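The values are calculated or read from the model by the stated rules, or taken from the named source; none is laboratory data. Only a predicted model underlies this, so the values are computations on that prediction, with no experimental measurement involved. Heads up, the Cβs are rebuilt from the backbone with ideal geometry, glycines too, and the neighbour counts pull from every protein chain shown. These accessible areas exclude ligands, DNA and RNA; they are computed on the full protein's heavy atoms, side chains included. Shrake-Rupley method; radii C 1.70, N 1.55, O 1.52, S 1.80 Å.
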Amino acid sequence: MSDIKPFEQKMEKTIENFQNDLATLRAGRANPRVLDKITVDYYGTSTPVNQVGNVTVPEARVIQIAPWEQNMLKEIEKSIMASDLGINPSNDGKVIRLIFPQLTEERRKALTKDVKKKGEDAKVAIRNIRREAMDSFKKMTKDKSATEDDVKKLEEQTQKLTDKVIGQIDKIVEEKNKDILSI
């Protein structure tokens, strides 16, 4: 008899991806993770910003990037301006500073909608994994590799797991929205 382990792992991976996605959202507070998707041309190789310099958060709304090589300042600045971050970097010749403005009320509301949409997308992915699991269990009944009782148990376990994971997603969305609205 098969078990639900592979489907559970897929669901965990979905939650992990969802959390990583939310971490890159700009919520008014400086979070170095917003730079995760930004890469610079480092001697012909596309390299993440955090691998060409020291990224720190000296103040609540400031990210500071100190490149290990001075000639990378312009490259980093160019990459940040070309990204969808929406912040103009300031360069003093040694470091680049990203100053995050306070979020307006309407920007916060737009962010919470974005978070909810990402949450819904994650739930859809979870339900697709559940459907895939249920289909594979039905196939086991057809090819007689499991009894109907075994399949029934697997389906119940899968449904409980799905409910638990969707509850986790709801909680993550709620916490992120509370974080966005309380800044």
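Look through region 99-130, keep the residues that are in contact with a Lys or Arg (Cβ under 9 Å, 6 or more places away or on another chain), closer than 17 Å to residue 34 by Cβ and of a type in the set (A, V, I, L, M, F, W, C), and return whichever of them is most open to solvent (accessible area, probe 1.4 Å). This residue is 99. Output the qualifying pairs, or none if there are none: Cβ atoms under 7 angstrom, residues six or more apart or on different chains, first residue in region 164-183 and in a helix (DSSP H, G or I), second residue open to solvent by 40 Å² or more (accessible area, probe 1.4 Å). Going by the 7 Å Cβ cut-off, the qualifying pairs are 172/19; 173/116. Scanning region 16-51 for residues that are of a type in the set (Gly, Ala, Ser) and modelled with pLDDT under 80 turns up 23, 27, 28, 30.
Please enumerate the residues belonging to region 9-35 that are open to solvent by 60 Å² or more (accessible area, probe 1.4 Å) and outside any helix (DSSP H, G or I). First the steps, then the outcome.
Just the residues of region 9-35 that are open to solvent by 60 Å² or more (accessible area, probe 1.4 Å), to begin with: 9-10, 12-13, 16-17, 19-20, 29, 33.
Answer for region 9-35, where residues must be open to solvent by 60 Å² or more (accessible area, probe 1.4 Å) and outside any helix (DSSP H, G or I): just 29.
Taken residue by residue, region 69-77 has at least one member that is within 11 Å of residue 35 (Cα to Cα) and not in a strand (DSSP E or B). The numbered conditions (1) open to solvent by 20 Å² or more (accessible area, probe 1.4 Å); (2) under 13 Å from residue 85 (Cβ atoms); (3) outside any helix (DSSP H, G or I) are all true for residue 64 except (2).
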